[in-house]
């Protein structure tokens, strides 16, 4: 297993366009997390899935953001009508069942909105 | 709401010198505590974690951290740094009752520079 994989690694988009990112977790991990990291800040929690169920969403996840994990495997994060403030690194993490098992992070998708 | 403070934005140390990175948390109960490292262009890697028990925790790459309840601190230490330790370090906490949800609250990070 190569770990948590995110695609694309970099995305440049014009303001107002829609973008979609993909995360492939480690295969036996049933939990999946999305975080956002802006320059000079630590990652901020966006949303959490257990299998295909989205169990928690941060207030940071405005109605322009939607995340899915349709079959409990890979996940997508879509941002509609992008704004310059959406420019950030979007990190995905996954963990296996159990109490506080380690969350493994992907390398992230860096989004630049111009 | 829980919060994590890393008071040092940037630290520079000489290779071979000792290191201590500070982390303080604000929370009603003792949270679960973590240190992560992020190299440029990379994701985060877990260095160590504290849930309960011995307050001195050993991690990977020769790092250790000490939980001090009275000071609400979880400082990261290394006796002798290597040039490869240059990176961004994040302290994080998780709510101890969120079983099955490792939602993490991160500090703003400390950037470590190593000079020869």
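No lab work stands behind these numbers, since they all come straight from the coordinates. Fair warning: this is a prediction, and the values are worked out from it, not measured in the lab. Glycine also receives a Cβ, built like all others from the backbone with ideal geometry; neighbour counts cover every protein chain displayed.
Among the listed residues B:25, B:89, identify the single one that is outside any loop (DSSP other than H, G, I, E, B), in contact (Cβ under 8 Å) with a residue 60 or more places away in the chain, within 12 Å of the chain's Cα centre (by Cα) and under 20 Å from residue B:115 (Cβ atoms).
Details: B:25 fails: under 20 Å from residue B:115 (Cβ atoms).
Going through B:25, B:89 in turn, just one is outside any loop (DSSP other than H, G, I, E, B), in contact (Cβ under 8 Å) with a residue 60 or more places away in the chain, within 12 Å of the chain's Cα centre (by Cα) and under 20 Å from residue B:115 (Cβ atoms): B:89.
Residue B:57: under 23 Å from residue A:102 (Cβ atoms), part of a strand (DSSP E or B) and touching a residue at least 60 places away in the same chain (Cβ under 8 Å), yes or no?
Considered against the rule, which asks whether it is under 23 Å from residue A:102 (Cβ atoms), part of a strand (DSSP E or B) and touching a residue at least 60 places away in the same chain (Cβ under 8 Å), residue B:57 comes out as no.
Have a look at A:76, A:101, A:47 and point out the one that is at the interface with another protein chain (Cβ under 10 Å from one of its Cβ atoms) and assigned to a strand (DSSP E or B). Even if it seems obvious, please write down each step before you answer.
Working: A:76 fails: at the interface with another protein chain (Cβ under 10 Å from one of its Cβ atoms); A:101 fails: assigned to a strand (DSSP E or B).
Unique residue meeting the criteria: A:47.
Tally the residues that are crowded, with 20+ Cβ neighbours inside 10 Å and within 28 Å of residue A:110 (Cβ to Cβ), restricting the search to the range B:7-32.
Total meeting the criteria: 2.
Could you grab me the full set of residues in the range A:45-96 that are out of contact with any strand residue (DSSP E or B) (no Cβ under 7 Å at 6 or more places or on another chain) and touching a residue at least 40 places away in the same chain (Cβ under 8 Å)?
Those that are out of contact with any strand residue (DSSP E or B) (no Cβ under 7 Å at 6 or more places or on another chain) and touching a residue at least 40 places away in the same chain (Cβ under 8 Å): A:72, A:73, A:80, A:81, A:96.
Starting from residues that are at the interface with chain A (Cβ under 7 Å from one of its Cβ atoms) and touching a residue at least 12 places away in the same chain (Cβ under 8 Å), keep the ones in the range B:34-52 and report whichever is surrounded by the most Cβ atoms within 10 Å (Cβ to Cβ).
That would be B:44.
Quick one: count up the residues across the range A:79-98 that are within 14 Å of chain B (Cβ to nearest Cβ) and part of a loop (DSSP other than H, G, I, E, B). Reasoning before the result, please.
Just the residues of the range A:79-98 that are within 14 Å of chain B (Cβ to nearest Cβ), to begin with: A:88-98.
Remaining after also requiring part of a loop (DSSP other than H, G, I, E, B): A:96-98.
The total comes to 3.
Pick from B:52, B:84: which is in a helix (DSSP H, G or I) and over 17 Å from residue A:91 (Cβ atoms)? I'd like the intermediate steps shown before the answer.
On the way: B:52 fails: in a helix (DSSP H, G or I).
Residue meeting the stated conditions: B:84.
Residues that are within 11 Å of another protein chain (Cβ to nearest Cβ) and either within 15 Å of residue B:18 (Cβ to Cβ) or outside any loop (DSSP other than H, G, I, E, B) (or both): does the range B:68-75 have at least one? It would help to see each step written out before you state the result.
Of the residues in the range B:68-75, the ones within 11 Å of another protein chain (Cβ to nearest Cβ) are none.
No - not one qualifying residue is present in the range B:68-75.
Filter the range A:31-44 for residues that are assigned to a loop (DSSP other than H, G, I, E, B) and in contact with a strand residue (DSSP E or B) (Cβ under 6 Å, 6 or more places away or on another chain) and give the result. Reasoning before the result, please.
Filtering the range A:31-44 for residues assigned to a loop (DSSP other than H, G, I, E, B) gives A:38-43.
If the condition is that a residue be assigned to a loop (DSSP other than H, G, I, E, B) and in contact with a strand residue (DSSP E or B) (Cβ under 6 Å, 6 or more places away or on another chain), then A:38, A:42, A:43 are the ones that fit.
Somewhere in the range A:50-59, is a residue farther than 27 Å from residue B:40 by Cβ, more than 14 Å from every other protein chain (Cβ to nearest Cβ), surrounded by fewer than 13 Cβ atoms within 10 Å (Cβ to Cβ) and more than 10 Å from the chain's Cα centre (by Cα)? So that I can check it myself, show each step before the final result.
The first filter runs over the range A:50-59 and keeps only residues farther than 27 Å from residue B:40 by Cβ, leaving A:50-57, A:59.
The next check asks that each one be more than 14 Å from every other protein chain (Cβ to nearest Cβ); those that pass are A:52.
Okay, now just the ones that are also surrounded by fewer than 13 Cβ atoms within 10 Å (Cβ to Cβ), so none.
So far as the range A:50-59 goes, no, none of its residues is farther than 27 Å from residue B:40 by Cβ, more than 14 Å from every other protein chain (Cβ to nearest Cβ), surrounded by fewer than 13 Cβ atoms within 10 Å (Cβ to Cβ) and more than 10 Å from the chain's Cα centre (by Cα).
Filter the range A:20-44 down to the residues that are more than 10 Å from every other protein chain (Cβ to nearest Cβ) and over 12 Å from the mean Cα position of the chain (by Cα) and list them by number. Let's see the steps before the verdict.
First pass over the range A:20-44, keeping only residues more than 10 Å from every other protein chain (Cβ to nearest Cβ): A:20-29, A:32, A:34, A:36, A:38-39.
Selection gives A:26, A:27, A:28, A:29, A:38, A:39.
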